Amino acid sequence: MPVIHRRHALGLLTAASLLPSRSFADIAPQRSEIRESLAKRFTDDGTVGTFVGYKVDDYLIIASDKNRSGEGRLPASTFKIANSLIALETGVVQDPDKDVFKWDGVKRPIEAWNRDHTMRTAIAASAVPVYQEIARRIGQERMQKYVDLLDYGNRNIGGGIDQFWLTGDLRIDPLRQVDFVDRLRRGVLPISKRSQDLVRDILPVTKVGDSMIRAKSGLLGAERGQPSLGWMVGWAEKASAQTVFALNMDCVEPRLIPERMMLTQTCLRDIEAI
């Protein structure tokens, strides 16, 4: 069997996905598959969405569909992963447990945002105002430099330094989310080991039986009380096996917001990742 870049396997799923060659090692046989049963999980729940899972040990990419898995969308709070890396790398945040971001006193509809935060508590609460302040401190020039360096999505940070991932021009598709998260998981992003170690450590963890899911959620419109699109990206660990994943789904009803994690777990079970 010929050995090719794993990105070629990803490319089978969508022509829109042209991942950089450094993303995956040159050791993977070409393996990818579409499982329509995964897409049915979303329709059965009364919504539409997509799921991509990359089973590391098997060099196998499993997706629910060929189209939405390669469509770029605003990352919402999944960008907090990259924002945290950039904050640490630039020194805007020295210590994710000690540097405190004071609440600005503005009451917001999400109660967990209305308090002081460290970066660890802010990523757990998905506190948008804290990360907007972090982005402002990083500034346009440094942010662009690192978004380029990390090869994050379409690299377009137009639309405001504290809005580009919420309402601006940044777009990323689930396949590229998997690529980015996998590089973080392996610690091969072109930044310091310390920054990558710390961000892996602060990512929220969910225990499921004997498995663990380390993931970041995202919800467009959360700060306005008008949810529209939900994300869940990260990786699952079951014994020594790891599976990197990205899910997005339409979340136009409040009941669908917690379904992001529930559907993620269902899809991971379906592919025997947890």
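Would you point out which residue out of 106, 92, 128 is surrounded by 19 or more Cβ atoms within 10 Å (Cβ to Cβ) and more than 19 Å from the chain's Cα centre (by Cα)? Lay out the reasoning, then the answer.
On the way: 106 fails: surrounded by 19 or more Cβ atoms within 10 Å (Cβ to Cβ); 128 fails: more than 19 Å from the chain's Cα centre (by Cα).
It is 92.
Taking strands (runs of 3 or more DSSP E) as the structural unit, those lying wholly within segment 165-274 and holding at least 2 residues that are more than 21 Å from residue 61 (Cα to Cα) correspond to 205-208, 211-219, 229-238.
Tallying residues that are under 9 Å from residue 88 (Cβ atoms) and not aliphatic (A, V, I, L, M) within segment 179-195 yields 3. Among the residues of segment 236-254, those identified as modelled with pLDDT of 95 or more and either open to solvent by 10 Å² or more (accessible area, probe 1.4 Å) or more than 15 Å from the chain's Cα centre (by Cα) (or both) are 237, 238, 239, 240, 241, 242, 250, 251.
Would you check if there is a residue in segment 40-52 being over 25 Å from residue 188 (Cα atoms), open to solvent by 30 Å² or more (accessible area, probe 1.4 Å) and modelled with pLDDT under 95? Looking through segment 40-52, none of the residues is over 25 Å from residue 188 (Cα atoms), open to solvent by 30 Å² or more (accessible area, probe 1.4 Å) and modelled with pLDDT under 95. Looking across segment 212-226, the residues that are without any contact (Cβ under 8 Å) to a residue 40 or more places away in the chain, open to solvent by 40 Å² or more (accessible area, probe 1.4 Å) and in contact with a Pro (Cβ under 9 Å, 6 or more places away or on another chain) come down to 214, 224.
If I ask for residues that are of a type outside the set (Val, Ile, Thr) and more than 17 Å from residue 249 (Cα to Cα), which ones from segment 212-224 would you list? Even if it seems obvious, please write down each step before you answer.
Taking segment 212-224 first, the residues of a type outside the set (Val, Ile, Thr) are 212, 214-224.
The answer is 212, 214, 223, 224.
All conditions but one from (1) on the phi < 0 side of the Ramachandran plot; (2) surrounded by fewer than 23 Cβ atoms within 10 Å (Cβ to Cβ); (3) within 20 Å of the chain's Cα centre (by Cα); (4) not acidic (Asp, Glu) apply to residue 152; the one that does not is (2). Total residues in segment 225-235 satisfying the condition of being at positive phi and under 17 Å from the mean Cα position of the chain (by Cα): the figure is 1.
The values are calculated or read from the model by the stated rules, or taken from the named source; none is laboratory data. Small disclaimer: the values here were computed from a predicted structure and weren't measured. No Cβ is skipped: glycine too gets one built from the backbone with ideal geometry, and neighbour counts run over all protein chains shown. We work out accessible area using only protein heavy atoms, side chains counted, and drop any ligands, DNA or RNA first. Shrake-Rupley method; radii C 1.70, N 1.55, O 1.52, S 1.80 Å.
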